[in-house]
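Trainee: Let me give you the structure first, and then I'll get to my questions.
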Ligand SMILES: Nc1ncnc2c1ncn2[C@@H]1O[C@H](COP(=O)(O)OP(=O)(O)OP(=O)(O)O)[C@@H](O)[C@H]1O
């Protein structure tokens, strides 16, 4: 695969737009809650974007709309030039808990999306690719293991493989490592960064952790509640690849403080 992403001196990706949200709004009909108002956002190829904001500011709603799981009440969502009107093959998703089937081995779980989409023969063919992916995430040798023999972090690694097997253009991540201890979570975040670089994926992460958002992202969408809308999109100027060591630098601390102030201000509104 060729590296189609140019980087400026700060390391910010300058890829072509992959996802384009224009004036997206969502009012839940049942309770008339305005969950999102006028959200416009562009994700560029190979970029990593996080969304952060207090509970109830519409992060999950935004992710579900981007995934095509629920329709917006207003505005447009376009992925790779085509409006998103339902779940799509070019969208990969990952959730808080690894949702592996306990009666299937790691490799069987990973090829499952192919089996569902294209049948058993195609799943058999995809096995080799699944093994390569297991290698990438550091699970070589665990191909035939059942999920209950994997640690939480290992299960999430397998879930990453299952998400990547269909080669989605975009990865939608809903706090994928929040159930892990802090050390595993930091390590998994670095893994995630490496995998995104290797596969040139465009990633969008919902998180409650400012630190996690800053260490991973090129851009952080800071949201404010009632109604949920964008307070500011903050660019992170740390060079790539990021390392955990960067969390001790003044630049990192300044960005974290800046975002914390924005979130505090949002709460007052
Ligand atoms: N299915 C639904 N029906 C009605 N209202 C909903 C529904 N889902 C979410 N809401 C409301 O929309 C608003 C935004 O919720 P959402 O779950 O998107 O926020 P969030 O930022 O992801 O919150 P959290 O950080 O707590 O997960 C909230 O006021 C919530 O009560």
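Trainee: What single numbered condition from (1) free of Cβ contacts under 8 Å to residues at least 60 places away in the same chain; (2) on the phi > 0 side of the Ramachandran plot fails to hold for residue 175?
Mentor: Exception for residue 175: condition (1).
Trainee: Name the single residue that is nearest to residue 221 (Cα to Cα) among those in the stretch 30-59 being outside any strand (DSSP E or B) and more than 8 Å from the ligand (Cβ to nearest atom). Can you show your working first?
Mentor: So the first thing to find is which residues in the stretch 30-59 are outside any strand (DSSP E or B), and the list is 30-32, 45-47, 53-59.
Filter once more, keeping what is more than 8 Å from the ligand (Cβ to nearest atom): 32, 45-47.
Numbers: 32: 25, 45: 17, 46: 17, 47: 13 Å.
Residue satisfying both the conditions and the ranking: 47.
Trainee: Another question, then. Answer yes or no: is there a residue in the stretch 80-91 that is part of a strand (DSSP E or B) and within 23 Å of residue 242 (Cβ to Cβ). Break it down into steps so the answer makes sense when it comes.
Mentor: Residues of the stretch 80-91 part of a strand (DSSP E or B): 82-83, 91.
Okay, now just the ones that are also within 23 Å of residue 242 (Cβ to Cβ), so none.
No: zero hits.
Trainee: Specify which of the listed residues (63, 79) is touching a strand residue (DSSP E or B) at 6+ places or on another chain (Cβ under 9 Å), more than 16 Å from the ligand (Cβ to nearest atom) and within 23 Å of residue 200 (Cα to Cα). Working first, answer last.
Mentor: Numbers: 63 fails: more than 16 Å from the ligand (Cβ to nearest atom).
Answer to the check: 79.
Where a number appears in this text, it was derived from the coordinates with a stated rule and is not lab data. As the structure is a prediction and not an experimental result, all values here were calculated from the model. Don't worry about glycine lacking a Cβ; one is built from the backbone with ideal geometry, like all the others, and counts go over all protein chains shown.
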